[in-house]
Amino acid sequence: MSTNGYAPSLNERVGEVTERIVRRSADTRWRYLDRIKEAAARKPQRQALGCANQAHGFAACGPSDKAMLRAGQGASMGIVTAYNDMLSAHRPYERYPELLREAARDVGGVALVAGGVPAMCDGITQGEAGMELSLFSREVIALSTAVALSHQTFDAAVFLGICDKIVPGLVIGALSFGHLPAVFIPSGPMTSGLPNNEKSRIRQLYAEGKVGRDALLEAESQSYHGPGTCTFYGTANTNQMLMEIMGLHLPGASFVTPDTPLRDALTRAAAQRALAITALGNAYIPAGRMLDERAFVNGIVGLHATGGSTNHTLHLVAMAAAGGIALSWDDFAALAEVTPLLARVYPNGSADVNHFHAAGGVPFVIRELLSAGLLHADVETILGPGLEAYTREPVLGEDGSLAWRDGAAASGDDKVLRGAAAPFQPTGGLAVLDGSLGRAVIKTSAVAPERHVIEAPARVFHSQEELQAAFKAGTLDHDMIAVVRFQGPRANGMPELHKLMPPLGVLQDKGHKVALVTDGRLSGASGKVPAAIHVTPEAVEGGAIARIRDGDLIRLDAVEGRLEVLVPPAEWAARPAASADLTGNHVGVGRELFAPFRAAVGPAELGASIFAAV
């Protein structure tokens, strides 16, 4: 397969995995494409509506926009926004609608805010009851996107969202309207503050009782200090890399800081590109056709190459399913074996995403992966066929005009970013575990190699608060594998267990063999302690994790991909599953409203989604 001059052929494993996904998805993908083809047949969308319907749709518009919508053939673009001014990553979106309206008018189109979606912050809810709504907020965002676009008056849509569940939810919603072109517009990261490794050090000192709350709050405030995404490489910034490598962003757009002339120029250009690729013209690029099996394989390769968030072993599966594509954790594992780790960004290193961007960023990563034959170069993007354009980076000319130039030929800092010929490690940063305890994922890129295999007795907890209490009581000062169960999607919405890492890190630093096994999540908090997460089947479903008892010997082997309990088979087979009283997790802070979600949600390996495959 030609790769636009970057490599003579596609990596054999990448091709095999892609073909496997194509075969597995054949029926659902065909039905999905047939559905969006039918939806695209009516154009412009608004002119298929009745007169009263159309009048309602443009009643509040200004005279020029109303005239175009009433009689013109120009394109109408819907804006779906996650703006709020509480969360740093979404505050910059306050200015975007007017920028987008002006850009649309400049090319004869109209842009309208179609609707808003919620945006919650895991950084605020970590360790609190609200975290139990976090994963389900992805489904609410997808549903809200569908409501926003349900008026059927738009010829294209742009999506303003950036953080953890927001982008995956927007993608699921966009694929439900996959006959429309979709362009995602980021807000960018905040400028660098307190270095991430220093923040982590102070968190650990606080966990040990060596500094007080005032010192901890000061460190956190210096880390999270302004508009934009948090600067560590968690789910939010992994989202941005994915949108770029999957062709939904403009090239090089992911990590340009907010409220700068370059950021504004990219925002205007994104709107105009969305209007250029509608079904009204000759360059129609519907999102549902563009996001095919190859695009998702590229996303998984990018995830491994950059050491991205473990949350995407859930989100990419759910996103793909919305387009009729069936991904498996086995696909992630197979691609990890051939994908080199090219980036070290906190928590996989000390650098933040601004350092990563300055060293060459996503364009450099894409160029290196293309050169190694690890990406499908012939995918369609919002710019048209071919991924080569995504090796370029945006710049402003002296007159303020936007242009692209070739990306960095070499890494600007080989402690942060390396080429495929000399990576940080030869395989990706994620592994899939299998064995008598079920299936799980582990982020290995930040874990020292000597800790990739841990064998130790179990200490069982039914909440992270129980573990923290045991740590403070001094009863965990020994080798152990902490089992924190009843944290899966059906149990309590599968919260991220951020607050486990400081105490477990303290125990590991004391020289103990320590690991975590849980049916909950960790996301970008996954760090130096080996953690088998997303264990499925989950405890509340009677999964093997519910049968573990204190003292059981557990072996977590990230090298061989195994997760085993070393209990005699006859004893293990006869042992009943434990139960837990979860009623306290099902009320308060809105959790009672999400009972239908807990009842309908699927297993982690299928994306922990409430939506059935199309």
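Relative to one another, the C-alpha centroids of segment 8-42 and segment 178-221 are positioned 38 Å apart.
With both partners inside the chain, how many of the DSSP beta bridges are antiparallel, as a percent to the nearest 5?
Bridges in the chain are about 50 percent antiparallel.
Net charge of the neighbourhood of Val297, taken over other residues with C-beta under 15 Å away and scored Lys/Arg +1, Asp/Glu -1, is -4.
Put a dot 7 Å past the Cα of Cys61, heading toward its Cβ, do the same for Leu553, and the two dots end up 7.2 nm apart.
Our helix-only sum for the chain, with -39,500 (n - 2.57) per DSSP H run of n ≥ 4 divided by its residues, gives a mean residue ellipticity at 222 nm of -10500 deg cm²/dmol. Longer than 25 Å from Cα to Cα, which of Lys199/Lys472; Lys165/Lys210; Lys165/Lys513 are they? Say none if no pair is. Beyond 25 Å between Cα atoms: Lys165/Lys210; Lys165/Lys513. One Cα centroid belongs to segment 256-323, the other to segment 495-541; the line between them spans 31 Å. Rounded to the nearest 0.05, what FRET efficiency do Val453 and Glu592 give with R0 = 35 Å and r taken as the Cβ-Cβ distance? Could you check? The formula returns an efficiency of 0.25 here.
What net charge do the residues around Ser411 carry, taking every other residue with its C-beta under 10 Å from that of Ser411, with Lys and Arg at +1 and Asp and Glu at -1? After counting each charged neighbour, the total is -1. Within the shell defined by Cβ-Cβ distances under 11 Å, the residues around Gln222 carry a net charge of -2, with Lys and Arg each +1 and Asp and Glu each -1. Computed from label points 7 Å out along Cα-Cβ, the spacing between Ala409 and Asp581 is 7.0 nm. Taking the number of Cβ atoms within 10 Å of each Cβ as an exposure proxy, the fewest-first ranking of Val17, Val22 is Val22, Val17. In the chain the longest region clear of trypsin sites (Lys or Arg not before Pro) that are loop-assigned by DSSP and have at most 16 other C-beta atoms within 10 Å covers 211-414. Take the Cα of Glu12, step 7 Å toward its Cβ, do the same at Ser221, and the gap between the two points is 5.9 nm.
FRET efficiency for the Ala422 to Glu337 pair, using the beta carbon distance and R₀ = 22 Å, is estimated at 0.75.
Taking 12 Å as the straight-line reach from the Cα of Lys528, the aspartates and glutamates in range (excluding those fewer than 8 positions away in the same chain) are Glu450, Asp509.
Each value in this text was obtained by applying a stated rule to the coordinates, not by laboratory testing. These numbers come from a predicted model, not from an experiment. Every residue, glycine as well, gets a Cβ built from its backbone with ideal geometry; the counts of neighbours run over all protein chains shown.
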